[in-house]
Amino acid sequence: MKLKKLTLSQKKSLKGFLFVSPFVIGFTAFYLRSLIMTVQFSFSETIMPEGAAAGHSLSFVGFRNFIFALTEHGSFTQDLTVSVFNMSFDVLLIIFFSLFMAILLNQKFRGRTLTRAIFFLPVILNSEAINDAIIMARAMMVGGMSPVSADVMEASGTAGVNVMYYIYMLNELGLPAGLLDYVVGAVSRINLIITSSGVQMIIFIAALQSISPSLYEVAKIEGATTYETFWKVTFPMVSPLIITNIVYTVVDSFIRSPVVTLSYETIFTHINFSLGSVFSLLSMMVVCLLLFVVCAIISKRTFYHN
Amino acid sequence: MRVSKFKKKIQIIYAEKQLGNERHRVVRQFKGFLMAILRAILIIGLSYVILGPLIGIIANSFFSNSDKYSPIIYLIPQNPTLERYRIALLRMDYWNVMRNMLIYVAGLTVIQLFICSMVGYGFARYTFPFKKLLFACVVIMIVIPSHTVMLPLFTTFREFNPFGLVGLFNDGESINLLGGGSAIAGGVLPMFIMTLFGCGLRAGLYIYIFNQFFRALPKEIEEAAEIDGAGTFYTYMFIMMPNAKPSIITVTIFSIVWQYNDTFFTRLFNINDNIALSKQITSLWANVENIDRVMDRSIIQLYVNAGIVLVIIPVIVLYVLLQKQFIEGVERSGIVG
C-alpha cells in the first residue's frame, strides 16, 4: 500500500540503495564497527579471564597505552620512523620507475606483449610465502643466477664485479654523500622496486593510451621536440593518475612494513590486544596523514583535462 | 639564356633541399636505431632481474644431489631428477590441498564478482541520499590498511553472534568460525561472510573499477531496456554485465590471484592447512627435514624449489591463458577513469 505512494525518483533511489545495500551492511559491520572497536581497545586495558578459551573485558585507562607506546616501548617509534622513511623513499622511486617503464612499454616494438607480460609477472607471483621462499633461495644460491641482492656488499662478492670500487670512485668524484647514498640505495633496491611497480605500470600505460593522438599531432606541427612534448603533453595528461598510484603504492608497501609485523606480533603472539591496537591505530594515522599531505601538495599541481 | 640560368639555380636549390631531406631522414633513422638499442638493453636487463630467480628456481628443482654438489654445473643439470617433485607432491598433499584451494578461491571470486559489480552498478547509475558519503566509505576501505581492523575482525568471528541470532539456536552461546582443530568448514566461513557483504579482499578496489566502468557506458542502453520492459535486476544482470567484459576479466584475474596469494587473512582467520596452500609451502622445509631425514640445507632447498614451482604453476597457467585479455582489460576497465 505504502509503496504506491512513492514517486518515480524515490523508487529509483530505493532501487539504487538496494544495489549498494550489501556493501553498506558489510562496511558498517566489518569496518566501521571494527574501527570503533580498535579505538575502544586502545583506550582501555584488556583483561583476559583465566582459563577461558574466548572472551575478554575492557577497562578504560585513557591515553595510558598511547603514552606507553610512544615513550616507553622499545621498538615502536623506531619501527614507525623506519617504515615511514622506507615508504617515502620507495614511493618516489616506484612512481618514477613505473612512469618511465610505462612510456617505454607504450612504444611500438616487436615483442611488446611478451615484455608487458614479463613486467606484470611479479604482481601475479606476489605472495608472501613464495617471496620468503625465494629470498631463502637467493641466500642459498651461490653463483650468477641470483639478481642484484638487497645487499650491495654481498653482490660484490658473488657477481664478480667489485661494486665498492665504483662507489669509492664516485665518492672521489666529489658527488654529495647524500645523493650517492640515495643512488646506491636505489640500485640495491632495484629488485624490490621492479617487483612492486607492476600495477602502477599498467595504470600508467592505460593512462598513456587514453591520451588523444591529436594532441601529439598538434605538438608535432607546432614544432615541439620530444622533450617538450613529454613535459607539455604526456606528463600533464598522466598526472591525475600519479595520486592514484601514490595511494596504491603507500597502502601496498605499508602492509609489508615492520610496524604491521610488530602490531601483529603484539596482538597474536604476546596477546596484548590494547597495545597492538594502539600500534595499528597510530601507524594508520601516520600513513593517512602522510597521504593527505602528499595528495594536498600534488593535487594543486595536477592538471585535470576535464 | 636567362631562363636557363634560373633553371640551374632552381636545380641547385632543389638538390640542396633533397640532400637536406636525405640527411634528416638518416639522422632520424639513426636516432630510432639508438633508441631501439637502448630500449632493448633496458628491457632485457630488467626482465632478467624479474625472471632470474624464477629460472634459477625452476632449474634447481630438477637438480640431483650430484648436480648440486658439482661446482661446474650451472642451470642445466647433468642427471636431472623428478625426485624433488615426487617428495614435494607427497609432503604438501598437493592434489588434495590444491583442489580445496581452487574451490575456495573460485567460490570467493564468483561472489566477489557478483557483489562488487552490483554495488558498483548501484553507485554508478542511481542517485540516493548519502551517496557521496557511502562512496567515500569505498575509498576509505581501499586506503585503510586491513591490519588496522584485524583484531576486531578476529574477535568478531571467534565469538560470532550477530544480534544474538546465532545464540537462539545455540543455547545463547556464540560460535567460533575461525579455523583450527575441529573448525566449521575449515575456517573459511569468515572470508565468505565478509566477501558476501562486499568487504572481501580488496573489494573496495573492485567496486571502484566497476563503478568507473559502468559510469562510462552510455545511458541509452538502459533506457532502451526499460522501454522494452526489462526489470531493474534483469537490466543489470543480462544487459549491463555482458557489456562490462573488460572489467569482469580484470577483476576475475586480480581476485583469483590475490586470493590465491593472500597470507594475511589466511593467517588471521587461521584457515586450515588442508585448504591453504601457502601454509604448506611454509612447512615444507621442516617436513622434508624431519620426515625425509634430509639434513643438508642446500638439498632441502631443492625440495622447496620444487614446492614453489608446484604452487605457482596454476597462476602462471591462468596468466598465460588470459594475459592478453587481461592487459587490454585493465586498459579499458576503468581504473583510469
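The values are calculated or read from the model by the stated rules, or taken from the named source; none is laboratory data. The structure displayed is predicted, hence computed values, not measured ones. Note that we place each Cβ from the backbone using ideal geometry, even for glycine, and neighbour counts take in every protein chain shown. Just so you know, the surface numbers come from the protein's heavy atoms only, side chains and all, with ligands and any DNA or RNA stripped out. Shrake-Rupley method; radii C 1.70, N 1.55, O 1.52, S 1.80 Å.
A few comments on the model shown:
- Residues whose amide H lies under 5 Å from that of A:N272, counting only those 5 or more places away or on a different chain, are A:I267; hydrogens are built 1.01 Å from N in the peptide plane.
- The H on the amide N of A:S44, modeled in the peptide plane, is under 5 Å from the matching H of A:V61, each at least 5 residues off or on a different chain.
- Cα gyration tensor shape of the range A:191-306, rounded if a/c is under 1.5, else prolate or oblate by comparing a/b with b/c: prolate
- Whole-Hz ³J(HN,Hα) from phi, Karplus 6.51 cos²θ - 1.76 cosθ + 1.60, for the range B:216-224, glycine and proline x: 7, 6, x, 5, 4, 4, 6, 4, 4
- Calculated SAXS-style log₁₀ I(q)/I(0) at q = 0.15 Å⁻¹ - the range B:92-332, Debye, Cα scatterers: -1.13
- When chain A is described by a simple charge dipole with +1 on each Lys and Arg Cβ and -1 on each Asp and Glu Cβ, the residue from A:F303, A:S280, A:S257 located farthest towards its positive end is A:F303.
- Between the helical axis of B:277-291 and the longest alpha-carbon principal axis of chain B there is an angle of about 70 degrees.
- Translational D in µm²/s for the range B:181-316 (Stokes-Einstein at 20 °C, 1.002 mPa s, Kirkwood Rh from C-alpha pairs): 116
- Pairwise FRET efficiency - A:L289 versus A:R112, Cβ, R0 = 41 Å, nearest 0.05: 0.50
- Shape call, chain A: gyration tensor on alpha carbons, a/c limit 1.5: oblate
- Dividing the C-alpha radius of gyration of the range B:202-268 by 2.2 N^0.38 Å, with N its residue count, gives 1.42.
- Within the listed set A:T113, A:T244, A:T266, the Gaussian network model of chain A (springs between alpha-carbon atoms below 10 Å) gives the highest mean-square fluctuation for A:T113.
- Distances between placed amide hydrogens fall under 5 Å for B:I175 paired with B:F160, all partners being 5 or more residues away or on another chain.
- Rounded to the nearest 20 debye, the dipole size of the range B:92-332 about its Cα centre is 440 debye, using +1 on the Cβ of Lys and Arg and -1 on the Cβ of Asp and Glu.
- Buried solvent-accessible surface, both chains (B, A), 1.4 Å probe, Å² to nearest 100: 8200
- Dipole in debye (nearest 20) - the protein assembly as shown, about Cα centre, beta carbon charges: Lys, Arg +1; Asp, Glu -1: 3400
- Tensor-based shape of the range B:2-60 (alpha-carbon gyration tensor, a/c under 1.5 rounded, otherwise prolate or oblate): prolate
- Charge dipole (chain A, unit charges on Cβ, about Cα centre) - positive-most of A:S34, A:M101, A:I211: A:I211
- The range A:197-221 residues near the modelled A:I255 label - backbone nitrogen below 13 Å, point 7 Å along Cα→Cβ: A:199
- Principal semi-axes in Å for the range B:52-164 [√(5λ), Cα gyration tensor, largest first]: 49, 20, 16
- Spacing of the modelled spin labels on B:L19 and B:K219, each 7 Å from Cα toward Cβ, amounts to 6.5 nm.
- Here the protein assembly as shown yields Rg over Rh of 1.02, to two decimals, using C-alpha coordinates and the Kirkwood radius.
- Computed over protein heavy atoms with a 1.4 angstrom probe, the accessible surface ordering of B:K68, B:K9, A:K220, largest first, is A:K220, B:K9, B:K68.
- Lysine pairs within chain A, Cα separation less than 21 Å, 8 or more sequence positions apart or different chains: 9
- Distance between the pseudo-spin-label points of A:I211 and B:I313 (7 Å out from Cα toward the beta carbon): 4.4 nm.
- Cα-based helix-to-principal-axis angle, B:245-261 vs chain B, degrees rounded to 10: 50
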